[in-house]
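Here the structure is laid out as structure tokens; the discussion comes afterwards.
The values are calculated or read from the model by the stated rules, or taken from the named source; none is laboratory data. As the structure is a computational prediction, the values presented were derived from the model and not from experiment. Using ideal geometry, Cβ is built from the backbone for each residue, glycine included, and neighbour counts are taken over all protein chains shown. Ligands, DNA and RNA are stripped out before the accessible areas are found, and what is left, the full protein with its side chains, is counted by its heavy atoms. Shrake-Rupley method; radii C 1.70, N 1.55, O 1.52, S 1.80 Å.
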Amino acid sequence: MTDQAVQQEWVRMPAAAADGAACNASQYEAMYARSIEDADGFWAEQAARLDWFEKPTKVADWSFDPVDIKWFEDGKLNICHNAVDRHVDAGNGNRVALIFEPDDPEGEVRHITYAELQGEVVRMANSLKKLGVAKGDRVTIYMPMVPEGAFAMLACARIGAIHSVIFGGFSPDAIAGRVEDCESDWIVTADQGLRGSKKVPLKANVDAALEKVPAKGVLVVSHTGADVAMTEGRDHWYHEYSADVADECPCEPMNAEDPLFILYTSGSTGSPKGVVHTTGGYSVWTETTFRYVFDYRPGEIYWCTADIGWVTGHSYIVYGPLQNGATALMFEGVPNYPDHDRFWAVCEKHKVNIFYTAPTAIRALMREGEGHVAKHDLSSLRVMGSVGEPINPEAWRWYHETVGGGTVPIVDTWWQTETGGIMITTLPGAHDMKPGSAGKPFFGVCPQLVDNDGAVLEGATEGNLCITRSWPGQARTVYGDHDRFIQTYFSTYKGKYFTGDGCRRDKDGYYWITGRVDDVINVSGHRMGTAEVESALVLHAKVSEAAVVGYPHDIKGQGIYCYVTLNAGEEHSDELMGELRQWVRKEIGPIATPDHLHFTPALPKTRSGKIMRRILRKIAENDYGSLGDTSTLADPGIVDTLIDGRMNR
Ligand code: PRX
């Protein structure tokens, strides 16, 4: 299909989806218009669904030039109260908040009610206090996908501590860097994690990290029961340490602009940034987006397959669903263990109604054939979502037809760690869909496309995606480096938030994200700064220089392609290739494992020494016909050498 034909391919919203929906088509138009014309009135109304210790008298107060963003600034609330206690207080304590499906399909399923959740969160909160954690302190959470991870997040929120969750797949070095950056004295972890029956040595990784940076205390949840090393005075088994804590712990009244969490994410330069979200705006944004985008209905089972170590897990496993009093499933395992039908088996087993996953998983499962899906009764599914990277229309159609039987609306939700929650998406009861397009802006979101010089592009067009107005869930700063926040997001196009994404808008006003336009790549929906992989490679004693680019990958969306030059006298070999792969895994974590290593005697540089990445991208893509102008290269001959190297692989 041509791009044109793809853009015109409509998939009609099933009529039934509009019945009883949180928002139908005409409501969307009216609500969107009001969210822009009377933003304060609109957001005050959304915010009123939450409990506030002190109701805000001000709603929005922001400027993108100079950068200063505040929402609900004189309000006081606690997101843990809204996610947990509020439901218990309202008489819904017996409702199931979390369902835990373990890695092993024969393992024990846990159903945790809101009342039980409250008890667990209080126990964790008081244990943190017993360690010495106080309001404003940073607590690192490095956990497997078990309910205790959510308890730890909510416990921090409850006492006003700022959590920094680190994905369980990161290496000790990555942990150390993040712990150091936010000066976090406390860590919550587990003995081990489990993924597809493989054990992940979480506690051992924390120990290795803490050889580089100090910590005052480590709480260790016993999950697999492994016998792990415990450092006297610093490490405590959670079940023992929490045995004598009080069973009450009031929620700390937080100012709306008090930080709630830090989440590290990759940018185009430097080390990962600690993106900071604050309490009030993030609470309102995640509550509202979850409510309308997933059209959650009481009693339904909602499952987001993300990990709580990513923003999707923060906003759409923990805070969004729980603030809505939903039942959210947490799955510890992986899509292909014990077999490629695991997702569908879990959907059938728990009668999942709303299912939210990533294109990379859909593509991987699509490759295994329809048989794995057909084995299972998926008739409970009512809404399905996609997130993390562009979904190719072929995968979209497979998801829609094979998994959803052609009748379940799909929401392709575009957003970012920095946006806190969903920004562009269709709504299940309001919009027809187009495979491959995220759709329309959510309430209060004003997307704008600009060219490289910042000129605004109107109508059907393609350009760089900016957002021109603040929204409640917007990140407020980069931890410890507000200048970097301003520089990264507000300096490319003055007065606008720049997303780093390229985007097309079609004649129907639907948005199509085309991918990153900066040096960030998206590998299986995980954001990776090419600079980070380069820094890891050059730390190896034999490597002189490295340049990393993304290239199209059938399953992962993008793969990691590394050009490497070795120090004089070093020889390349298969052995060295394996060693460098392991090296990057050790430095960053398995998600950064290079897909391709290309040894080259030199990199293409301009006379001023700047690497021409455009050429490296094209060669990695096997696209040699359109390399563009290479005359400014110091040594144009290097291009042929690189192409030879690529073709002879
Ligand atoms: O490039 C976009 C892509 O993921 C980036 C954000 O990554 P991260 O902060 O890790 O958050 C991922 C989960 C929200 C974006 O800049 N992206 C995310 N969702 C989509 C997407 N690209 C296309 N379509 C999406 N639905």
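For the stretch 309-317, does any single residue satisfy the condition of being assigned to a strand (DSSP E or B) and within 14 Å of the ligand (Cβ to nearest atom)?
No, that holds for no residue.
If Pro441 passes every condition in (1) within 16 Å of the ligand (Cβ to nearest atom); (2) open to solvent by less than 10 Å² (accessible area, probe 1.4 Å) but one, which one does it miss?
Going through (1) within 16 Å of the ligand (Cβ to nearest atom); (2) open to solvent by less than 10 Å² (accessible area, probe 1.4 Å) one by one, Pro441 breaks only (2).
For every residue, the table says whether it meets (1) farther than 30 Å from Lys494 by Cβ; (2) outside the structural domain of Thr289 (by the TED database); (3) touching an Asp or Glu at 6+ places or on another chain (Cβ under 9 Å).
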site: Ala39; (1), (2), (3): no, no, no
site: Ala48; (1), (2), (3): yes, no, no
site: Asp65; (1), (2), (3): no, no, no
site: Lys76; (1), (2), (3): yes, no, yes
site: Asp89; (1), (2), (3): yes, no, yes
site: Asn92; (1), (2), (3): yes, no, no
site: Glu120; (1), (2), (3): yes, no, yes
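How many residues, within the stretch 277-293, are within 14 Å of the ligand (Cβ to nearest atom) and not in a helix (DSSP H, G or I)?
So the answer is 1.
Looking at the stretch 372-394, I want the residues that are modelled with pLDDT of 95 or more and outside any helix (DSSP H, G or I) and have a partner that is acidic (Asp, Glu) and surrounded by fewer than 21 Cβ atoms within 10 Å (Cβ to Cβ) with Cβ atoms under 7 Å, at least 6 apart or on another chain. Which pairs are those?
Lys375/Asp341; His376/Asp341; His376/Glu348; Asp377/Glu348; Leu378/Glu348
Is it true that Thr305 is out of contact with any His (no Cβ under 7 Å at 6 or more places or on another chain), of a type outside the set (Phe, Trp, Tyr) and within 16 Å of the ligand (Cβ to nearest atom)? Show your work before the answer.
Values: out of contact with any His (no Cβ under 7 Å at 6 or more places or on another chain): yes; of a type outside the set (Phe, Trp, Tyr): yes; within 16 Å of the ligand (Cβ to nearest atom): yes.
Spelling it out, Thr305 is indeed out of contact with any His (no Cβ under 7 Å at 6 or more places or on another chain), of a type outside the set (Phe, Trp, Tyr) and within 16 Å of the ligand (Cβ to nearest atom).
Taking the stretch 576-617 on its own, how many of its residues are closer than 30 Å to Thr360 by Cα and of a type outside the set (A, V, I, L, M)?
Residues in the stretch 576-617 being closer than 30 Å to Thr360 by Cα and of a type outside the set (A, V, I, L, M): 19 in total.
What single numbered condition from (1) closer than 28 Å to Ala208 by Cβ; (2) open to solvent by 50 Å² or more (accessible area, probe 1.4 Å); (3) part of a loop (DSSP other than H, G, I, E, B) fails to hold for Gly569?
Tallying (1) closer than 28 Å to Ala208 by Cβ; (2) open to solvent by 50 Å² or more (accessible area, probe 1.4 Å); (3) part of a loop (DSSP other than H, G, I, E, B), Gly569 fails exactly one: (1).
Out of the helices (runs of 4 or more DSSP H) lying entirely within the stretch 6-108, which hold 1 or more residues that are over 27 Å from Thr468 (Cα atoms) and touching a residue at least 12 places away in the same chain (Cβ under 8 Å)?
Here the list reads 15-18.
Return a yes/no flag: does the stretch 587-594 have any residue that is open to solvent by 40 Å² or more (accessible area, probe 1.4 Å) and either touching a strand residue (DSSP E or B) at 6+ places or on another chain (Cβ under 9 Å) or of a type in the set (Ser, Thr, Tyr) (or both).
No, that holds for no residue.
If you take the residues of the stretch 490-509 that are open to solvent by 10 Å² or more (accessible area, probe 1.4 Å) and among the hydroxyl-bearing types (Ser, Thr, Tyr), which of them is nearest to Tyr561 (Cα to Cα)?
Thr492
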